[in-house]
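What follows draws every value from the coordinates through simple rules; no lab data is involved. The model shown is predicted, which means the values in this text are computed figures rather than measured ones. Ideal geometry is used to build each Cβ from the backbone, glycine not excepted, and the neighbour counts take in all protein chains shown.
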Amino acid sequence: MNDLEQKVIRTIGDSDERFEQDPVRMIRVIRHAARTGFPIEDQTFQAILRHQKEIRMCSPSRLRDEFLRELKEGVAKSSLQLMLQTGLLFSLFPDLERALGNQSLSGKKTQQFFLSLFDLVDQLTKTGRPYPNRFFLPFSNPFSSIRHTRPSISWKKRKYHYMTQTIRWSAHQILTPFSFPRGSKEMACQILMAQSMIKKKYRGESFLKD
C-alpha cells in the first residue's frame, strides 16, 4: 500500500534473489511500470541491469507468452522503451543490438522509429478489436524497422529473391528460438514481404527492374 501511495514499482523482498529465482519477473516489473506510469524503484532497476542476461535461461515458450502479452496490453511502446533502457530487449533479441544499441551510428534514430511502430500497436489495441498473436509478430521482427546486413549478392539481378530470403532469414533468427508455430512465422514473413513491396510501389520502384 505504501508503494501504491508513493507510486513506485519494486519487488517484494530482495530484488536480486527474486530475479535469480525467476528471471521472467523482470519482464513483469517492466509491464507494471508501463501500465501504471510509475517509476521503477532504483534497487529494483539496478537488479534488472545486473540480471537481464539471465532472461535467456527461462523456457522459450514462457518468454514468448510474456513478450506477446507486453504487445497486447496497450502500453507496448512504454514497455519496449523500458526494455531498451535496461538492456532486457537485447537479452531477448541479441540481433537487435547491432542496430538499436549504443554502438550503432544511427541507434537513437532507429530506436525512435522502432518505438513508433509499437505506438501504432497500442493504438490498434485500444480500438478493442481482438488481433491474433501472429498479427503482432512483424512488429517484433527487426526487419520491420532495421536493415540487416548479410553476405552480398547481386542486388540488381535478384532484388525480389534477396528481399524474400532476407525476410525469411530474419524471421527465423528472431522467432524460432521462442517456439513460435510455423504458421505464425509464415504469416509474419508474408506481412513483411507485402509491406516491402508496397513501399517500393509507393516510391515508384520495382523489384523486377535490372
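Some observations on this one:
- Cα coordinate range in the range 1-105, projected on the principal axes (Å, largest first): 41, 27, 27
- Between Ser61 and Arg28, the modelled label-to-label distance comes to 1.9 nm, taking each label 7 Å out from Cα in the direction of the beta carbon.
- Kirkwood-type radius of the range 45-104, with distances r between different C-alpha atoms, in Å: 12.1
- Pairs from Lys7/Lys108; Lys72/Lys185; Lys109/Lys185 whose Cα-Cα separation, in the structure shown, is over 24 Å: Lys7/Lys108; Lys109/Lys185
- Approximating the spin labels as points 7 Å out from Cα along Cα→Cβ, the Asp3-to-Lys53 distance works out to 2.7 nm.
- Rh (Kirkwood; distinct C-alpha pairs) - the range 39-79, Å: 11.7
- Computed lengthening from Lys109 to Thr127, 0.36 nm per intervening residue step minus Cα-Cα distance: 3.7 nm
- Residue-wise HN-Hα couplings along the range 49-54, as the Karplus relation 6.51 cos²θ - 1.76 cosθ + 1.60 with θ = phi - 60° gives them from phi, are 4, 6, 10, 4, 6, 6 Hz; Gly and Pro carry x.
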